[in-house]
Every structure is written in C-alpha cells, then in structure tokens.
Amino acid sequence: MSPKQMTNRQLEIIEAAGKILSLSGVSGLTIKNLAKEMKFSESAIYRHFSSKEDIVVALLEYLANNMEERYHQATSLDASPEEKFKALFMSQFVYLAKHPYFVTSIFSDGLMVEGGRVNEAILKIMTVKMKYLMPIIMSGQQKNVFTNALTAEEIIDVVMGTMRLQMFKWRVANYQFDIVRKGENTTLALLTLITAK
C-alpha cells in the first residue's frame, strides 16, 4: 500500500500499532490493545484492516514505499557517489528519528515468523535499499572512488550490516541517543572504509 493510497485513519492505525510494538512487542499488538490505544471500538479497526497481520504488513509496506520515494529523491541529485551515499543514509536516519516505531517493527522479536506476508514485506524493504545502493557502489567503483578490493555485493553486505547494527543499538538503548548524529558518523566511517586508497 503506497503512502498515497493509505487513508488518514489507516495511517493513524499503523502509527498506533508501531507505538504498541515499541512498548510491548508483537505479543502486545492485539486488535483489543490497538482499539484501546486509539480510543475506539475493535470493529472500527476491522473496518480498515481485516487482521493484525494486515496492519503489520501495511506498516512495513508503507515504510518500503516511503523509502522508495526518499531514496529516489536522494539519488536523483547530480552528485558524486560519496554524496549520494551520504544523502541516501541521512534520509533514512532523519526519517527514522521522527518515526522510531518503524525501527521497532523491523526488529520486533517474533515478527519475522508472524507470517509469510510479513516476511515478504521485510524483504521488500531490503530490496528497496539494494535497488538504490547498488548503483551508487558500482558507480563509485567504476570511477575508482570506492575500493575494488571487494565486490559491490560484499561492500553492500558490510554497509547494510553496519547500518542495521546502528538501528538495533538505538532500539535497545530505547532511542536515547541522537541517531541522526550517530548515523552521520557511521556513514562517514563507512565511506572511509570503502574509499579507494
């Protein structure tokens, strides 16, 4: 479901679901708790989503589509591979600083075994990242800006793993540090590692 297709009420529901995931994990995300959080009936939730899985999938698909739009904008700049690399990740850190429940939804224990559709939605998020990061890395390697000692796939594994670790650390620290500043430092550190010597 794209951000443009989602109604305001559906967006409110997935935001409330994200907040519950942040506080209580997957086990706490029930239609009953969601209705209580939103201060209306369970049947009102069911008018917008048929199940908890639909809500989680909608939340993840919303994030994937939002990322697609932001990443497209960040990488459409007439800029160097390093600048595009920075723009891509800073877009993500700034967005997630304002919407931390998306981090929780990806890292919630048990979420990935919740259902096949949930796993597919998480895979879509990874696919969007790869779609925009791969051309940046390959362009940087072709221009001898990024190292050719590793394949583009190996660089992406290192980069995505490092960024995922930062998001996980932020989540387990209960969002108590400045993820934008930490993200910028991590982005610069990764650029140092992958830059051709």
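The values are calculated or read from the model by the stated rules, or taken from the named source; none is laboratory data. Computed from a predicted model, the values in this text were never measured in an experiment. Heads up, the Cβs are rebuilt from the backbone with ideal geometry, glycines too, and the neighbour counts pull from every protein chain shown. When the accessible area is computed, the model is the full protein with side chains, heavy atoms only, and any ligands, DNA or RNA have been set aside. Shrake-Rupley method; radii C 1.70, N 1.55, O 1.52, S 1.80 Å.
List of remarks:
- Per residue Cα convex hull volume in Å³ - calculated over region 14-158: 109 Å³
- Entry note, the chain: relative contact order of 23 percent, from Cα contacts under 8 Å with a spacing of 6+ residues.
- Between S24 and L188, the modelled labels are 4.2 nm apart [label points 7 Å from Cα along Cα→Cβ].
- Residues N144 and V172, FRET efficiency given R0 of 35 Å [Cβ-Cβ distance, rounded to 0.05]: 0.35
- Taking all protein chains as shown and a probe of 1.4 angstrom, I122 keeps an accessible surface of around 10 Å².
- Per-pair calculated FRET efficiency, R0 = 35 Å: R117 and A196 via Cβ, rounded to 0.05: 0.25
- Three-way shape label, region 116-197, alpha-carbon gyration tensor, a/c 1.5: oblate
- Paramagnetic reach from M160 (point 7 Å along Cα→Cβ, amide N under 16 Å) across region 130-145: 130-138
- Largest to smallest accessible area among L123, L21 [probe 1.4 Å]: L123, L21
- Rg/Rh for region 1-77 stands at 1.05; both radii use Cα atoms, and Rh follows the Kirkwood definition.
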